[in-house]
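Asks: A single structure is presented below for examination.
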Protein chains: 2
Amino acid sequence: MPEYTALVASLPSTVPFVGPETQERARGRAFRARIGANESVFGPSLKAIAAMAKAAAECWQYADPVNYDLKHALAAHHGVKPENIMVGEGIDGILGLLVRMLVQQNTPVVTSLGAYPTFNFHVSGFGGKLVTVPYKDDFEDPQALVSAVLDHNAPLAYFANPDNPMASFHPAETIQKLIGDMSRNSLLCLDEAYCEFAPEGSLLPIDVDEERVVRTRTFSKAYGMAGARVGYAIGHRDLIDSFNKVRNHFGVNRIAQAGALAALADQQWLNDVVARVHAANAAIAEIATQNGLVPLPSATNFVTIDCGSDGEFAKRVVAELVARDVFVRMPFVEPGNRCIRISAGQPADIELVKEMLPQALKSARNA
Amino acid sequence: MPEYTALVASLPSTVPFVGPETQERARGRAFRARIGANESVFGPSLKAIAAMAKAAAECWQYADPVNYDLKHALAAHHGVKPENIMVGEGIDGILGLLVRMLVQQNTPVVTSLGAYPTFNFHVSGFGGKLVTVPYKDDFEDPQALVSAVLDHNAPLAYFANPDNPMASFHPAETIQKLIGDMSRNSLLCLDEAYCEFAPEGSLLPIDVDEERVVRTRTFSKAYGMAGARVGYAIGHRDLIDSFNKVRNHFGVNRIAQAGALAALADQQWLNDVVARVHAANAAIAEIATQNGLVPLPSATNFVTIDCGSDGEFAKRVVAELVARDVFVRMPFVEPGNRCIRISAGQPADIELVKEMLPQALKSARNA
């Protein structure tokens, strides 16, 4: 057999998330509500769909490897320069490259226990050692994070704001202090995948002169293009340029780039989606309350619901909902795993939750 | 600044290929013929375009991370099992993962001098040391390759058949011997990006029990979907499963997967494209001959043309064609760089070559 590197030989063969399609094949039946992966059921802008449909016929051409048009549009949108933006294959792709740039065998990397598993997958994949700090009252804990960075002299830390899977959010001042407290030679990956759902005016302004932070954004959530795989990093020009050392230059799908460009130009659609998400979240929270559960406040496109017991119980609730054709997921790690997570749905999705949640809870309690 | 790994700090910031879009922006003018990157000007199957246009509206959903439908269709197409197929973000993406699995600091890796630069980019990117063997009469040299693998105890070697940039081709028996001569613990990456253009019946049959070879295929060339980024590896199930350790599981665009599935089902379109490519190649070869140049035999969707002088001259010919709105490229390394490379074009593209090549040659000779 081939001589794998010692690192790769030591890694497990894994899929970080089981896709709903795999569950559907196992069940032999499609889900009626797909509200488990924080996708945007409201879809992409109609203008983005039209742009992608048009670009499909042109996909015999490789995409522009420097992502010129999209990069320039994003720079204008954020009031930064094109050299402060790197477009990649979703935030997942960006995270993989970022980890590769900073992490090797035994490099300590700090994150919150129960935060984004795909980041952890990349860290382990490059031989890094995860240092985790617990959530505090269902919020990521900036002070604990910084302490761990300093204690371990970690070159990289991950912090999502708003947070997945707890849906919680820290205001700009907290994030500003977090960055200011980082050591000069450490980098904070501030994952803002859900930033469009945060309270208006609450995000930390972008400062591309700050070398200690790189911010990741995506077209997968509010822009409704998860399957298109377009994310981007915003940061200091030196950091951004370093992606060119390791990235797959032709990696971002041409159709997706055309779609993202059109989606970015349609801020009206984005605003509508955000409003619909807020309404959907409120409806989901109300259903939770009606069933005696506690919805946590959400700054995202999903509601994390405290089921009032332990991880085993929440797991049964998820299983019972899945058995009733409602695709949902839950946080993986204690104490978050006492919760289930329901993504903002269409009215029909929410009706189904309203119908099925009482049954699911009853079955879970009787199990 | 962040603490990059020593390896990444040592790498250049680079783009392996300058895209035609970058040239167009510099020129302030679009190309009239885009026949420089071996894209398929004949486009994808109309059924693939329709499938992608339809999938665009569904791209709010993440793609199936196990690529079930496409993987199963490819397995059926090739008469292998789904566990012998790994779908990835183009062959470029597959190559990056493969290199990562086998290459670390100072690992020797064998390829031909002047072969695919993106493979070399990945090898350098993971700290490997390239060992190159020269082409022999414009063919990759299997014997020299095997000798280098054995001499250096290299765990990985790259061999493209048909070859880019020289368009040459080795028959099945030669490839069989090449694999048989590899050491038991070395892996040959047999890049078959252009295999659909090879003489019919001339490809080595697939044997997934052979652990010493992994074959890479793509929808970028004959299937006309370069911008969609879908490639795949065919190989032993253990090797294929190892990709799960390091791949970006949600990385293959959902629209692209739908397109590839439809493209694969439309073999009539593929056959038509191959016939049109053969006709286009013949026309390009004839134009070359009429201009006193020597077209090399092609088993690909491009013609490599010996301009009868040195690399400087060929470079001038390319520049003169580019100045006349014909996007073409050339091999980078001696002695291949005495040639220019023209991709199979539509009739209008070929007419433009016919018109511009004499002028370009004249200017290049007078420079």
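Each reported figure results from applying straightforward, stated rules to the coordinates on display, with no laboratory input. Just so you know, these numbers come straight off a predicted model, no measurement behind them. Heads up, the Cβs are rebuilt from the backbone with ideal geometry, glycines too, and the neighbour counts pull from every protein chain shown.
Asks: Which whole-number percent gives the relative contact order of segment A:245-367, counting Cα pairs below 8 Å spaced six or more residues apart?
Replies: 24
Asks: Counting each pair of different Cα atoms once, what's the Kirkwood radius of segment B:236-328 in Å, rounded to one decimal?
Replies: That comes to 17.2 Å for segment B:236-328.
Asks: I'd like to know which of B:I206, B:A262, B:T132 lies farthest towards the positive end of the charge dipole of segment B:46-266, counting +1 on Cβ of Lys and Arg and -1 on Cβ of Asp and Glu.
Replies: Final value for the positive-end residue is B:A262.
Asks: Normalised radius of gyration for the protein assembly as shown, please: alpha carbon Rg relative to 2.2 N^0.38 Å, two decimal places.
Replies: Dividing the Cα radius of gyration by 2.2 N^0.38 Å gives 0.97.
Asks: Relative contact order of segment B:46-266: what whole-number percent is it, with Cα pairs under 8 angstrom and at least 6 residues apart?
Replies: This gives 30 percent for segment B:46-266.
Asks: Turning to a different aspect of this structure: Assume the label is 7 Å from Cα along Cα to beta carbon: what separations in nm does B:V15 have to the matching positions in the other copies?
Replies: Values, ascending and in nm: 3.5.
Asks: Only bridges with both residues in chain A count here: give the DSSP antiparallel percent, nearest 5.
Replies: Within chain A, antiparallel bridges account for around 50 percent of the total.
Asks: When each copy gets a label point 7 Å from Cα toward the beta-carbon at A:Q105, what are the spacings between them in nm, shortest first?
Replies: Distances between equivalent label points, in nm: 0.8.
Asks: Under a Cβ-only charge scheme (Lys and Arg +1, Asp and Glu -1), can you give me the dipole magnitude of the protein assembly as shown about the Cα centre, in debye to the nearest 20?
Replies: Around 580 debye, computed over the protein assembly as shown.
Asks: How big is segment A:60-266 by Rg and Dmax over its Cα atoms, in Å?
Replies: So, for segment A:60-266, Rg and Dmax equal 16.2, 51 Å respectively.
Asks: If you don't mind, another one. For a quick check: sort A:T300, A:T14 by the number of other beta carbons within 10 angstrom, fewest at the front.
Replies: Placing the least packed residue first, the sequence is A:T14, A:T300.
Asks: Continuing with the same structure: Just checking the output field for B:41-54: average partner chain Cβ neighbours within 10 Å of each residue's Cβ?
Replies: Whole-number average of other-chain Cβ neighbours for B:41-54 is 3.
Asks: When the Debye formula is applied to the Cα atoms of chain B, each taken as the same point scatterer, what base-10 log of I(q)/I(0) results at q = 0.09, 0.11 Å⁻¹?
Replies: The Debye formula, applied to the Cα set alone, gives -0.51, -0.78.
Asks: Something else now. Can you give the charge dipole size of segment A:216-367 about its Cα centre, rounded to the nearest 20 debye, using +1 on the beta carbon of Lys and Arg and -1 on the beta carbon of Asp and Glu?
Replies: About 420 debye.
Asks: Counting only other chains, and only Cβ atoms inside 10 Å, what mean value do you get across the residues of A:62-69?
Replies: Rounded to a whole number, the mean comes out at 6.
Asks: Taking the Cβ of B:P358 as the center, what net charge do the other residues with Cβ under 11 Å away carry, scoring Lys and Arg +1 and Asp and Glu -1?
Replies: Once all neighbours under 11 Å are counted, the net charge is +2.
Asks: Please arrange B:H152, B:H122 by how many other C-beta atoms lie within 10 Å of their C-beta, fewest to most.
Replies: B:H152, B:H122
Asks: Another one. In terms of Cα to Cα distance under 25 Å, which lysines are near enough to B:K136, apart from those fewer than 8 places away along the same chain?
Replies: In chain and number order, the partners are B:K177, B:K315.
Asks: Give me the distance between the Cα centres of segment B:320-365 and segment A:110-175, rounded to whole Å.
Replies: 53
Asks: Ok, one more. What are the principal axis extents of the Cα atoms in segment A:95-141, in Å, biggest first?
Replies: Extents along the principal axes, in whole Å: 32, 17, 12.
Asks: Express the C-alpha Rg of segment B:161-309 as a ratio against the empirical globular expectation 2.2 N^0.38 Å, rounded to two decimals.
Replies: 1.18
Asks: OK, next. Return the loop-located GluC sites (Glu not before Pro) in segment A:173-203 (DSSP other than H, G, I, E, B) with at most 13 other Cβ atoms within 10 Å of their own Cβ; answer none if there are none.
Replies: A:E200
Asks: So, one more: Can you divide the C-alpha Rg of segment B:1-85 by 2.2 N^0.38 Å and report the result to two decimal places?
Replies: 1.70
Asks: Restricting to bridges with both residues inside the protein assembly as shown, how much of the DSSP beta-bridge set is antiparallel, in percent to the nearest 5?
Replies: Counting DSSP beta bridges with both partners in the protein assembly as shown, the antiparallel share is about 50 percent.
Asks: Moving on. Put +1 on the Cβ of every Lys and Arg and -1 on every Asp and Glu Cβ in the protein assembly as shown; which of B:G88, A:V246, A:G227 then has its Cα farthest towards the positive end of the dipole?
Replies: Value computed over the given set: A:G227.
Asks: Can you pull a Stokes-Einstein diffusion coefficient for segment B:129-197 at 25 °C (0.890 mPa s), Rh from Kirkwood over Cα pairs, as a whole number of µm²/s?
Replies: My calculation gives 200 µm²/s for D.
Asks: On the principal axes of its Cα set, how long, how wide and how thick is segment A:307-367? Give whole Å, largest value first.
Replies: In descending order, the Cα extents are 31, 24, 17 Å.
Asks: Inside 10 Å of the C-beta atoms of A:93-106, what's the mean count of C-beta atoms belonging to other chains?
Replies: 3
Asks: Can I ask one more? Given the rule -39500 (n - 2.57) for each run of at least 4 DSSP H residues, summed and divided by the residues of the protein assembly as shown, what is its mean residue ellipticity at 222 nm, to the nearest 500 deg cm²/dmol?
Replies: Mean residue ellipticity at 222 nm (helix-derived): -13000 deg cm²/dmol.
Asks: Helix check for chain A. Which DSSP H runs span at least 30 Å along their own axis by Cα, with a mean Kyte-Doolittle hydropathy no less than -1.0?
Replies: A:267-290
Asks: Here is a follow-up. Dividing the convex hull volume of the Cα atoms of segment B:123-240 by its residue count, what figure in Å³ per residue is obtained?
Replies: About 122 Å³ per residue, rounded to a whole number.
Asks: Let me ask another. Going 7 Å from Cα along the Cα-Cβ axis for the label, what nanometre distances separate A:S363 from the same residue across the other copies?
Replies: Listed shortest first, these distances are 7.3 nm.
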